[in-house]
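The values are calculated or read from the model by the stated rules, or taken from the named source; none is laboratory data. Model, not experiment: these values are computed from the prediction. We place every Cβ from the backbone using ideal geometry, glycine too, and count neighbours over all the protein chains shown.
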Amino acid sequence: MLSKEIQLEVNKGAMLPLMEEFYTIQGEGYHTGTAAYFIRIGGCDVGCHWCDVKESWNAELHPPTSVDLIVGNASKYAETVVVTGGEPLMWDMTILTQKLRDNNRKVHIETSGAYPLTGSWDWICLSPKKNKLPTPTVYEAAHELKVIIYNKHDFIFAEEQAEKVSGNAILFLQPEWSKKEEMTPLIVDYVMQNPKWRVSLQTHKYLNIP
Ligand code: SF4
């Protein structure tokens, strides 16, 4: 149970439940292969059964951490900072993104879009989930749409989601890791037949890096 003071700081986004932070290579999507500092914020109620960070779901397990500390750490490493989760938009991202930008960082987010957009972002990667669909504000602002392909029905879901993002959003299909042997050949065929899409792979997992 958080004290009232800390809860107030969390509510306004001056403290966030930090699960982990690390400097690595962005493995997926448009910025694949580029160095980035990752900030993983705890808390997610979307409930994807194949989620590979289930430890993030319960925000109470992750200590409320001051945004100033997070920004200070991030600013020692890469020019690009990726905020991920969990679902970071469960929290108000305004203060975090403002302070990162004041420190001349490029600020990216990986989100399911299940909560309204807060914060000011250089790049928004929307990875929508069927369990809890994105809010209109995230569809409108997304620079990149990354749909995870777990089964064949997900191609239909991907097309439905592509209708909802802006015409400038870059479209990716990415095999869910445990289904990659089965789904990757289908994705390759699909992209050749529907070249508005691109293939995204979880290259960090092949490289054995976080
Ligand atoms: Fe996991 Fe992301 Fe789904 Fe949340 S939205 S359950 S963090 S994959």
Unmet requirement for residue 1, which otherwise passes all of (1) surrounded by 19 or more Cβ atoms within 10 Å (Cβ to Cβ); (2) at pLDDT below 95; (3) not charged (D, E, K, R): (1)
Quick check on my filter: what residues within region 37-57 are under 13 Å from the mean Cα position of the chain (by Cα) and of a type in the set (Gly, Ala, Ser)? 42, 43, 56
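With a cut-off of at least 1 residues that are out of contact with any Leu (no Cβ under 8 Å at 6 or more places or on another chain) and near the ligand (Cβ under 10 Å from one of its atoms), name the strands (runs of 3 or more DSSP E) lying wholly within region 34-139. Step through it out loud before you land on a result.
Details: elements: 35-41, 64-66, 80-84, 106-111, 123-126.
Filter on region 34-139 gives 80-84, 106-111.
For region 149-210, which helices (runs of 4 or more DSSP H) that fit wholly inside it have 2 or more residues that are under 19 Å from the mean Cα position of the chain (by Cα) and within 17 Å of residue 48 (Cα to Cα)?
Details: elements: 153-162, 180-193, 203-207.
Answer list for region 149-210: 153-162.
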